[in-house]
Amino acid sequence: MALNVSISQSRKNKFKFANIDDADASNIVDENDDETAILHLYELIKQLNQEEQVLLYLYIESKSHKEISDILGISVTNVGTKIQRIKSKLKMLNDGKR
């Protein structure tokens, strides 16, 4: 139940974009490209198992390793390890889609 609540909460939250100075404006990609990238990321996340999805959504929400540890009932070290493995898995999934 806690996993489903976490996933639901994560889906309700929108990504927040930082303000960019005028000096950085030349590096901005079209806003639609950002939206496409976010949608692509969510498609990749759907391919993960439920535990990996929850952990990643909590990480995306900027929860600390300690907070994630408390929510999922795993050690802080295990949180860090799982996040790195999920990142590698997402990269591999993304590379396979190209």
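Bear in mind that the values in this text are calculations on the coordinates, not laboratory data. For clarity, every value in this text was computed on a predicted model and none was experimentally measured. Cβ: placed from backbone, ideal geometry, glycine included. Neighbour counts: every protein chain shown.
Using a cutoff of 8 angstrom between alpha carbon atoms and counting only pairs six or more residues apart, the relative contact order for region 49-98 works out to 32 percent. Spin-label model, Ile74 to Lys89: label points 7 Å out along the Cα-to-beta-carbon direction sit 0.8 nm apart.
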